Amino acid sequence: MNDEIVETIDWRGEPIDCRTCRHQDMLAQGKCQLSHACVNDRYARRIDRFFHWNPELSNDYLKHEYFEIRAIAAKRAAVFGLIPLLDDPEETVRWNAARRLPTKHILKLRHDPHREVRIRIVSLLDGADLVPMLRDEDYYVRQVIARKLAPNLLEWLVSDPEPEVRRVVAQRAEKNVLLRMMTDPEPRVRVEVAKRLAPEFLARMRGDEDWRVRYEAACRIETDLLAELAEDEDEMVRETVRARLNGDRT
């Protein structure tokens, strides 16, 4: 079954002519098919299908002029031929090579100029190999790292300048780090801290300036400490206190 795209043109915009293709003998063998599985086509799906049918030809296309061909060939080519592709001008090619290479070869991509490559590289690295990326200029890269790092290593990001990064830290960090984050300048971060702190530590947050933090405290602090929040300026906090006190009496 052919793709929905009817046109059969190459990456230069020229019509594809099977008679001039170096693989024209493969057509009769069913190893390629115009508009469906063709290495000369400009559409990635058709190129990918060609290499799926003929993986042994992948090595021959790692230096092709069209970046889509290089990137797709990298998925199935021999690993020893992928290292040069880490310096390819196209980020898609660099990533497809990196995902199949041992860690020692891809470390330099931690400083890749393209953020999408750096984001994806995080998924391939662990522990100390991620440390050089903790000061990445893109906050989302650091946020992805915060989701990946082991909880006992998250203290490295406690002082990150981006609140969204610190929020992730607060959602995953161990108790000693959470205690340090109780006074974080960003209310959204303190809310995450309050959600995870043990009740005995929440008493210190019941006077927080943000109602959302006080609400979390009201939900879980010891009942003998609820009186201070009974007259809170926020209605949701007061209702939570009343509900808990009434429930304890019944």
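FRET efficiency for residue 63 and residue 235, Cβ-Cβ distance as r, R0 = 45 Å, nearest 0.05?
It comes to 0.10.
For the stretch 133-209, which trypsin sites (Lys or Arg not before Pro) are in a loop by DSSP, counting at most 15 other Cβ atoms within 10 Å?
For trypsin sites (Lys or Arg not before Pro) across the stretch 133-209 that sit outside H, G, I, E and B with at most 15 neighbouring Cβ atoms in 10 Å, the list reads 135.
In bins 10 Å wide, starting from 0, what share of all Cα pairs of the chain does each bin hold, as a percent?
That works out to 7, 22, 18, 15, 13, 11, 9, 4, 1, in percent per bin.
Accessible area per residue, 1.4 Å probe, Å², for the chain: what's the number?
Dividing the accessible area of the chain by its residue count gives 55 Å².
Holding the Cα-Cα limit at 31 Å, pick out from 75/175; 31/148; 148/195; 104/195; 104/175 the pairs that are longer than that.
Checking Cα-Cα distances, 75/175; 31/148; 104/195; 104/175 exceed 31 Å.
On the accessible surface of the stretch 1-136, probed at 1.4 Å, how many percent belong to carbon and sulfur atoms?
Accessible surface attributable to carbon and sulfur in the stretch 1-136 totals 51 percent.
Relative contact order of the chain, please, whole-number percent, based on alpha carbon pairs below 8 angstrom and at least 6 residues apart.
Relative CO of the chain lands at 7 percent.
Please work out how much length the chain gains when fully extended from residue 24 to residue 104, using 0.36 nm per residue of separation minus the C-alpha to C-alpha distance, in nm with one decimal.
Taking 0.36 nm per residue and subtracting the Cα distance, the gain is 24.8 nm.
For the stretch 34-93, what is the relative contact order in percent, using Cα pairs closer than 8 Å and at least 6 residues apart in sequence?
Across the stretch 34-93, relative contact order equals 26 percent.
The values are calculated or read from the model by the stated rules, or taken from the named source; none is laboratory data. Everything quoted here is computed from the prediction, not taken from an experiment. With ideal geometry, Cβ positions are generated from the backbone for all residues, glycine too; neighbour counts draw on all protein chains shown. Areas reflect the complete protein model, heavy atoms only, side chains present, ligands, DNA and RNA absent. Shrake-Rupley method; radii C 1.70, N 1.55, O 1.52, S 1.80 Å.
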